[in-house]
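K.L.:
Quick one: structure below, then a few questions.
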Amino acid sequence: MARSLAGTLLLGLFSLLAAIGSGPIDWAPLLVAIGYAAAALTVSVWGVQHPVPLQPGGHIGRRWWMATVGVDLLAFSLLLVLGGRSVNVAALLVLPVLMSAALMPRRPALAIAAAVVLLQIGHAGLLSLTGLDLASSLTQAGLTGAGLLAISLLTSELAERLARQELAARSTLELARQQARLNRLMIEEMPDGVMVVDRQGRVRAANPAALALIGAARARRFQPFDLQQTPAWQPLLAALQEAFATGTWPQAGQELALPLPLGAGAPAEDRRLRLRMRFTRSRGARSEEELGVVFMEDMRTLRARARQEKLAAMGRVSAGIAHEIRNPLAAIAQANALLAEDLDQPGALQLTRMVEDNVQRLQRLVDDVLEAVPGAPPEAPWIDLGRHVATLCRDWAHTAGLPDSAASPMHVDLGDETLTTRIDPEHLRRVLVNLLDNALRHGSGQPQAIWVRCTPAGPGQALLTVASDGPPIGVDVEPYLFEPFFSTRSRGSGLGLYICRELCERYGGTIEYQPRGAGARHRNVFLVTLPRAAAATGGHRPRSV
């Protein structure tokens, strides 16, 4: 814009001189002024529509040197030579010197300043031929040139310093933006709730976890809302107002129960939360405002976490005890076998058999405890799930004394597709036999009371289903099905389903219980999901065995 203004002023000046002059019009400087004004306007309009690409350091490319500084030097040099004594355009040469110092590297900028100095010295020598004093002209040109060189050096130094500061500011701003995005992401994704409230009980900000814990809509995290508008939040509002009034909050946190409805038309249920609060101050336009940052945790999550920690500790202790029990059990079993060889009385032999039965029972319990200890995923072969399930079901049915006919309580459906999965065959046997034992124990014993099925379950997964027609598992028992040492039988160890879950998870699988509706025959369904090979082998099997 400055170049456009300078070109317009030059054109107006030379046009005015041509209009008021008494002699013939000097067309040479006027044509130069017209050309310069047109070039300056063209470059300005082009620069608005196509922003100039800046190189590192805030410099422009060589093409734009010629379009800006080169045009200015050419135009002002011609005006300086052609204008004569009527117009002093030497001051205009400061414009290309400043532009080159601000927009070009230091060496080219100094070269342009030196070229301008030489031009002025040459112009002074040219003027001396017309009668001017050469010494005074050269002195004036030298002083002007020294000033131009100083201006070029200072402007270049300031431009480079500003470019460095701008680069540092941009880097700092980008780091601040990245940190802000990271903090926002952490707050958005953290499982604990975070909420900022004021003295009036108005929520200024809240992350999704906090909104979910208090039963608020997720869209409210972008909008402040008042805790007074919902009756279920009154206990929370009362606790916060008391904290603001006293200025204290228990260091270990405070438990609070919010009566939140489970759904539309459902009765309210107390959701117990543990709250921790920290006070802070926010500087407003006129005064400081006291705010509180509330950290929320669901007590169910805390209890589950504590339970998992206890289970892990208990598992380590149980594994150590089981290892220590194995050696005495082996000694008892060996001594009992030796004692049985020397006895011939029926009563004494019956006692040795009782000892042997209990030793075997203890051995199975020790094996269950050791199997339940979490470990690293072992190396296992890829196996044909359907073929192994068919073999295991056939062996289990023979052991359980089930008839090999249509009257058998067990029906196996393997489907038509080969399912290749990675799991140790012995571990697969333990999972399947445990589920079949439970199904036979609680089932009706009628034909097809137990249904075993193998099907694909989405990309990369295979599904093993064991369903039975026994009475449905009670709602008070279902949450604890896979908990260790939980059993509904007096002589059960409570490790069966827990071991099944641990074994499935070692290979990246899952096991879960899904009850069916009242109209279904097989209402108790256990689903075992195992990872499936990316490219399963082809082939067909009989649909059922």
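K.L.:
Which length gain, in nm to one decimal place, applies between Glu290 and Gln308 when the Cα-Cα distance is subtracted from 0.36 nm times their residue separation?
P.N.:
The span from Glu290 to Gln308 would gain 2.6 nm if fully extended.
K.L.:
Give, in nm to one decimal, the length gained when the segment between Leu237 and Glu174 is fully stretched (0.36 nm per residue of separation minus the Cα-Cα distance).
P.N.:
18.8 nm
K.L.:
Once both labels are modelled 7 Å past Cα along the beta-carbon direction, what's the Met190-Arg521 spacing in nm?
P.N.:
That separation, rounded to one decimal, is 5.5 nm.
K.L.:
When averaged across all projection directions, what area in nm² does the alpha-carbon convex hull of segment 436-489 cover?
P.N.:
Spelled out: convex hull of the Cα atoms, projected over all directions, averaged, 5.1 nm².
K.L.:
Which shape class applies to segment 400-524: rounded if a/c is under 1.5, otherwise prolate when a/b exceeds b/c and oblate if not, where a ≥ b ≥ c are the square roots of the Cα gyration tensor eigenvalues?
P.N.:
The shape class here is rounded.
K.L.:
Based on the alpha-carbon gyration tensor of segment 416-456 and its eigenvalue square roots a ≥ b ≥ c, which shape applies: rounded if a/c is under 1.5, prolate if not and a/b is larger than b/c, or oblate?
P.N.:
oblate
We did not get these values from a lab; they are worked out from the coordinates using the rules stated. As the structure is a prediction and not an experimental result, all values here were calculated from the model. Positions of Cβ are backbone-derived with ideal geometry, glycine not excepted, and every protein chain shown enters the neighbour counts.
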